[in-house]
Amino acid sequence: MNYKAIFFDRDGTLTYFTAEKEAWRDKTISEWSGKPFELSYEKMMDLFHLASEGRKPWYKTLDDEREFFKRYYYHLIVVEGVTEDVENKAELLLNELWCNGDRALFSETVDVLEYLKNHGYKMGVISDTSPSLEFTLQQLGVAKYFTSFTASSLVGAGKPSPIIFNAALEAQGVTASESIFIDDCKEEADGAREQGFTAFYLDRSGENNDEWTIHNLKQLIDFVEE
C-alpha cells in the first residue's frame, strides 16, 4: 500500500529523557531537603493536581506552561519539606529542567526522518504532552521534518482517544488508512490501529515480537520499502 503520512509519538519513540538532568534534579532536591528524593508516578500526578490550581486544561501557550511548571516545582520542594528561599529554588529548577537539555534523540532518529522526508512522506508528531511539543523538537533540530504537532493539551484529549488522532489526520489532510503511526506505548499503538492506522508498537527491549512490533525505528524503512 502507498502511504501518505507517518506519525510519531515523541518521548520514548523519537526522544528519551536524559539521565544527567534527572540525576541533577534528585541530588539538588536531596541537598535542600536533607533526605533522599524520588519522584514516583503517583507523586508526580499529585503535584500536577496542585500546580493546576483547579484549572483544566492547565496550559495553552508556552507562557502558560512555563508558569505551570514554576508552580509545579514550587509545590514539589514544599512537599519535600523545603522552607527557605522556595521561590528562587523553584525558579532554578524551572530554568534547569524545563526545555533545557532534558531530552535527547535516539541514535537512528535523524537518519530515519531524513529518509522519509526524501521519499516524500508527510510527517507529524502526536504526543500526550504540553504546548512545548514543537519547541522541544526545534531545540533538538528535528522540527523541520514535521508539518504537524498534535499535543493532547491543545486538543483536549490524549491517546488513544479518536479526538487526538483525528486532529492529527486533519492537520495533514489524510485518512487513517493512508497513515502509519509509531509509539512506544502498546496501548496507544493498538488504539491507533483500531481506528484504521497501520500502527507499530516500538519495543526497544526486544521482548515483544508480534507482527505489529518493531525494535528500532530503522525497521520502519524496511516496512515502507516492501
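Couple of notes before you dig in:
- Selected residue [acidic (Asp, Glu), closer than 25 Å to Gln138 by Cα and in contact with a Ser or Thr (Cβ under 6 Å, 6 or more places away or on another chain)] from Glu65, Glu80, Glu108: Glu65
- Lys60 being under 29 Å from Asp46 (Cβ atoms), in contact with a Pro (Cβ under 9 Å, 6 or more places away or on another chain) and either outside the structural domain of Gln219 (by TED's automatic domain parsing) or surrounded by fewer than 20 Cβ atoms within 10 Å (Cβ to Cβ) (or both): yes
- Residue within region 118-135 that is under 25 Å from Gln219 (Cα atoms), assigned to a loop (DSSP other than H, G, I, E, B) and aromatic (Phe, Trp, Tyr) present: yes
- Residue in region 153-175 that is modelled with pLDDT of 95 or more and touching a Leu at 6+ places or on another chain (Cβ under 8 Å) present: yes
- Within region 18-34, considering residues that are in contact with a helix residue (DSSP H, G or I) (Cβ under 9 Å, 6 or more places away or on another chain) and within 17 Å of Gly81 (Cα to Cα), the one surrounded by the fewest Cβ atoms within 10 Å (Cβ to Cβ): Ser33
- With respect to being in a loop (DSSP other than H, G, I, E, B), in the same structural domain as Gln172 (by TED's automatic domain parsing) and either among the small types (Gly, Ala, Ser) or farther than 27 Å from Ser30 by Cβ (or both), Gly81 falls outside the description.
- Only a single criterion out of (1) touching a helix residue (DSSP H, G or I) at 6+ places or on another chain (Cβ under 8 Å); (2) in a helix (DSSP H, G or I); (3) surrounded by 17 or more Cβ atoms within 10 Å (Cβ to Cβ) is not satisfied by Phe149, namely (2).
- A search for C-beta distances below 7 Å between a residue of region 26-39 that is free of Cβ contacts under 8 Å to residues at least 40 places away in the same chain and any residue that is surrounded by 11 or more Cβ atoms within 10 Å (Cβ to Cβ) and of a type outside the set (Phe, Trp, Tyr), counting only pairs 6+ apart in sequence or on different chains, returns Pro36/Ser30.
- Positions within region 117-172 being closer than 15 Å to Ala199 by Cβ and among the charged types (D, E, K, R), in sequence order: Lys159
- Any hit, region 212-225, residues being within 17 Å of the chain's Cα centre (by Cα), surrounded by fewer than 16 Cβ atoms within 10 Å (Cβ to Cβ) and not in a helix (DSSP H, G or I): no
- Within region 167-188, being in a loop (DSSP other than H, G, I, E, B) and more than 15 Å from the chain's Cα centre (by Cα) holds for Gly173, Val174, Thr175.
- Complete set of residues in region 152-166 that are surrounded by fewer than 21 Cβ atoms within 10 Å (Cβ to Cβ) and assigned to a helix (DSSP H, G or I): Ser152, Leu154, Val155, Pro162, Ile163, Asn166
- Members of region 170-191 found to be over 22 Å from Tyr16 (Cα atoms) and crowded, with 24+ Cβ neighbours inside 10 Å, listed by number: Ser179
- Residue in region 109-138 that is surrounded by the fewest Cβ atoms within 10 Å (Cβ to Cβ), counting only those that are farther than 20 Å from Tyr72 by Cβ and of a type in the set (S, T, N, Q): Asn118
- From the options Ser40, Ser33, residue that is polar (S, T, N, Q), more than 19 Å from the chain's Cα centre (by Cα) and not assigned by TED's automatic domain parsing to the domain that holds Ser132: Ser33
The values are calculated or read from the model by the stated rules, or taken from the named source; none is laboratory data. Computed from a predicted model, the values in this text were never measured in an experiment. Note that we place each Cβ from the backbone using ideal geometry, even for glycine, and neighbour counts take in every protein chain shown.
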